[in-house]
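Peer 1: Below you'll find the structure I mean.
The values are calculated or read from the model by the stated rules, or taken from the named source; none is laboratory data. Values in this document were obtained by computation on a predicted structure and should not be read as measured data. Using ideal geometry, Cβ is built from the backbone for each residue, glycine included, and neighbour counts are taken over all protein chains shown.
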Ligand SMILES: [Zn+2]
């Protein structure tokens, strides 16, 4: 119960603190996702409550407060409600099917007035006050959601810190199942360590028992998931500890992070493994630029030294919020083996400084605080005489940047006169993806958050609109798929008989669908205009009669 005390400074200091929150549902709670699960560029900031496989379950307000914000987006949370509670915490509820009537009316009034589906509204405390237990929305499957559930976050209202909502529901969610690991990774320090004769990182199965020999400075990482009773889902592991010869060299506890610590996931996990193999390893090492408070290690940051010819007894201990615990032992045999020093290249980027990387026709500005560790940059320029610009390999492996860094690339050829059609493209695995950008004085300017290969490309292809379910259109139930091949869909508008019609766009399935079929009069002919615009300003206009 100590967790409850820690979670809110507003709670009175008493022997048995009262849980400030009730369940959002009147049925037993089951999780499909837990706090801190590893996701692309972020930790999962809340819990996902299953809703018995259906949309439309009423959601009760978990504590007194007021609706402070409502958002509607084509991806992400879809439809979300933020409730500021009187206890110093704010709850966020995502993927909602419907808001309570007064809120639904306010949202729709805004959508029609501003002719927009996307909404981000904030409200004063006296507009939508809520009592604990009041129903304020129905749970759904909107936004980037692939099955009905409620995504619920608890944040500290003053700092925005995300904390683990499950700590308030441990007596309602059963869990006797400990986390399980499958692999470890060993990382020789560049020029200072070696594992099984190699100075590259090396993966080991925890069941195989392949012998490990090492010499010099190394660190470790582990691939593991948590599991819970009564579900087949896997979850993030709350606590990881690494011991070498019974001495703790590293520990992590995923129980809170500030918004600006969210991207530190890329410094804690093995980013290259994730980016190239979609495989998550939690590193037992604090990279020098990682300032996330939930990691602990000695001054070596989790790096340990093998300098005696003897077995080193290593042990990982994984634990969940309920104290379910599992240990994994492995032995590293100390064995003298040659360690080749590494020669630093001429573009060696130190993590604790700012850098300007220049090549003919290219400049990348990396301010201090963007790198998590030193990078021995392998920068290459590839000249393609037909190319709009050169191809710039900024590094030969994916490296995360903590925030957007300014990249400028010179345009060498203008196959299209209209300068708004140019964009910066990231090239990888034979594909290219838009990195946005704007043209100015012969150069494209954009910001990037990962080192990779970048070039300039042209998008003159307008979005594609494909009508669906046409026989049903006369009932007001109208759907399309809309897609854009290169830079993506920036905006869409639908007009029926010259009037704005509210259509929902769902980015997960590229589906555009009418929101209020009953507003479309039956028994008469309608003219509908659909206008779709991409990020390079290419416009598709289609007209339909029904
Ligand atoms: Zn979620």
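Peer 1: Find the residue count for region 45-63, including only residues that are more than 16 Å from the ligand (Cβ to nearest atom), more than 17 Å from residue 21 (Cβ to Cβ) and buried (at least 24 other Cβ atoms within 10 Å of the Cβ).
Peer 2: Residues meeting the conditions: 0.
Peer 1: Give the residues of region 226-250 that are crowded, with 18+ Cβ neighbours inside 10 Å and either without any contact (Cβ under 8 Å) to a residue 12 or more places away in the chain or closer than 29 Å to residue 289 by Cβ (or both), sorted by residue number.
Peer 2: 226, 235, 236, 237, 238, 239, 240, 241, 242, 244, 249, 250, listed by residue number.
Peer 1: Looking only at region 297-313, which residues are in a strand (DSSP E or B), without any contact (Cβ under 8 Å) to a residue 60 or more places away in the chain and more than 11 Å from residue 242 (Cβ to Cβ)?
Peer 2: The answer is 311, and nothing else.
Peer 1: Let me ask something additional. So residue 115 ticks every box in (1) at positive phi; (2) without any contact (Cβ under 8 Å) to a residue 60 or more places away in the chain; (3) over 22 Å from the mean Cα position of the chain (by Cα) but one. Which box is left unticked?
Peer 2: For residue 115, the exception is condition (2).
Peer 1: Which residues, counting only those in region 7-26, are within 29 Å of the chain's Cα centre (by Cα) and at pLDDT 95 or above?
Peer 2: Passing the criteria: 21, 22, 23, 24, 25.
Peer 1: Here is a follow-up. For region 132-144: of the residues being surrounded by 22 or more Cβ atoms within 10 Å (Cβ to Cβ) and assigned to a loop (DSSP other than H, G, I, E, B), which is farthest from the ligand (Cβ to nearest atom)?
Peer 2: For region 132-144, the residue satisfying everything is 142.
Peer 1: Next up: Do you know which residues across region 13-39 are surrounded by fewer than 18 Cβ atoms within 10 Å (Cβ to Cβ) and either without any contact (Cβ under 8 Å) to a residue 24 or more places away in the chain or within 13 Å of the ligand (Cβ to nearest atom) (or both)?
Peer 2: Once the filter is applied, which keeps residues that are surrounded by fewer than 18 Cβ atoms within 10 Å (Cβ to Cβ) and either without any contact (Cβ under 8 Å) to a residue 24 or more places away in the chain or within 13 Å of the ligand (Cβ to nearest atom) (or both), region 13-39 yields 13, 14, 15, 16, 17, 18, 39.
Peer 1: Something else now. Residue under question is residue 487, and the condition is that it be farther than 23 Å from residue 114 by Cα, out of contact with any strand residue (DSSP E or B) (no Cβ under 8 Å at 6 or more places or on another chain) and in a loop (DSSP other than H, G, I, E, B); does it hold?
Peer 2: No.
Peer 1: Residue 385 - would you say it is free of Cβ contacts under 8 Å to residues at least 60 places away in the same chain and not in a strand (DSSP E or B)?
Peer 2: It is true that residue 385 is free of Cβ contacts under 8 Å to residues at least 60 places away in the same chain and not in a strand (DSSP E or B).
Peer 1: Just give me the residues in region 410-424 being in contact (Cβ under 8 Å) with a residue 40 or more places away in the chain and either touching a helix residue (DSSP H, G or I) at 6+ places or on another chain (Cβ under 8 Å) or not in a loop (DSSP other than H, G, I, E, B) (or both), in sequence order.
Peer 2: The answer is 410, 420, 421, 422, 423.
Peer 1: Now a separate question. May I ask you to list the residues in region 64-87 that are under 17 Å from residue 514 (Cα atoms) and more than 16 Å from the ligand (Cβ to nearest atom)?
Peer 2: If the condition is that a residue be under 17 Å from residue 514 (Cα atoms) and more than 16 Å from the ligand (Cβ to nearest atom), then 72, 74 are the ones that fit.
Peer 1: In addition: Which residues, counting only those in region 314-334, are over 27 Å from residue 197 (Cα atoms) and free of Cβ contacts under 8 Å to residues at least 40 places away in the same chain? Break it down stepwise before answering.
Peer 2: First, the residues of region 314-334 that are over 27 Å from residue 197 (Cα atoms): 317-327.
The answer is 323, 327.
Peer 1: Would you check if residue 395 is under 29 Å from residue 375 (Cα atoms) and either assigned to a strand (DSSP E or B) or over 24 Å from the mean Cα position of the chain (by Cα) (or both)?
Peer 2: Criteria not met by residue 395.
Peer 1: Please go through region 436-448 and give me each residue that is without any contact (Cβ under 8 Å) to a residue 24 or more places away in the chain and either under 21 Å from the mean Cα position of the chain (by Cα) or loosely packed, with under 12 Cβ neighbours inside 10 Å (or both), ordered by number.
Peer 2: 440, 441
Peer 1: Looking at region 195-202, is at least one residue closer than 30 Å to residue 100 by Cβ, in contact (Cβ under 8 Å) with a residue 12 or more places away in the chain and away from the ligand (no atom under 16 Å from the Cβ)? Walk me through how you get there before you give the answer.
Peer 2: Applying the first criterion (closer than 30 Å to residue 100 by Cβ) to region 195-202 yields none.
The answer is no; no qualifying residue exists.
Peer 1: So in region 65-85, with the set limited to residues that are surrounded by fewer than 20 Cβ atoms within 10 Å (Cβ to Cβ), touching a strand residue (DSSP E or B) at 6+ places or on another chain (Cβ under 7 Å) and in contact (Cβ under 8 Å) with a residue 60 or more places away in the chain, which one is nearest to residue 129 (Cα to Cα)?
Peer 2: 66
Peer 1: Of the residues that sit in region 154-166 and are in a strand (DSSP E or B) and in contact with a helix residue (DSSP H, G or I) (Cβ under 7 Å, 6 or more places away or on another chain), which one is surrounded by the most Cβ atoms within 10 Å (Cβ to Cβ)?
Peer 2: Applying the filter and picking the extreme gives 154.
Peer 1: What do you reckon, is residue 376 surrounded by fewer than 16 Cβ atoms within 10 Å (Cβ to Cβ) and in contact with a strand residue (DSSP E or B) (Cβ under 6 Å, 6 or more places away or on another chain)?
Peer 2: On the way: surrounded by fewer than 16 Cβ atoms within 10 Å (Cβ to Cβ): yes; in contact with a strand residue (DSSP E or B) (Cβ under 6 Å, 6 or more places away or on another chain): yes.
Spelling it out, residue 376 is indeed surrounded by fewer than 16 Cβ atoms within 10 Å (Cβ to Cβ) and in contact with a strand residue (DSSP E or B) (Cβ under 6 Å, 6 or more places away or on another chain).
Peer 1: Just to be sure I understand the filter: pairs with C-beta atoms under 6 Å, separated by 6 or more residues or on different chains, first member in region 148-166 and touching a residue at least 24 places away in the same chain (Cβ under 8 Å) and over 22 Å from residue 323 (Cα atoms), second member part of a helix (DSSP H, G or I) and within 13 Å of the ligand (Cβ to nearest atom). Which pairs pass?
Peer 2: That search, which allows pairs on different chains as well, returns 152/165.
Peer 1: Next question, about the same structure. Of all residues in region 88-112, count the ones that are surrounded by fewer than 17 Cβ atoms within 10 Å (Cβ to Cβ) and either in a loop (DSSP other than H, G, I, E, B) or within 16 Å of the ligand (Cβ to nearest atom) (or both).
Peer 2: 1
Okay, residues lined up against (1) without any contact (Cβ under 8 Å) to a residue 12 or more places away in the chain; (2) under 20 Å from residue 218 (Cβ atoms):
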site	(1), (2)
256	no, no
259	no, no
265	no, no
271	no, yes
278	yes, no
282	no, yes
288	no, yes
292	no, no
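Peer 1: Would you mind finding the one in 183, 151 that is within 15 Å of the ligand (Cβ to nearest atom) and either surrounded by fewer than 20 Cβ atoms within 10 Å (Cβ to Cβ) or outside any helix (DSSP H, G or I) (or both)?
Peer 2: Answer to the selection: 151.
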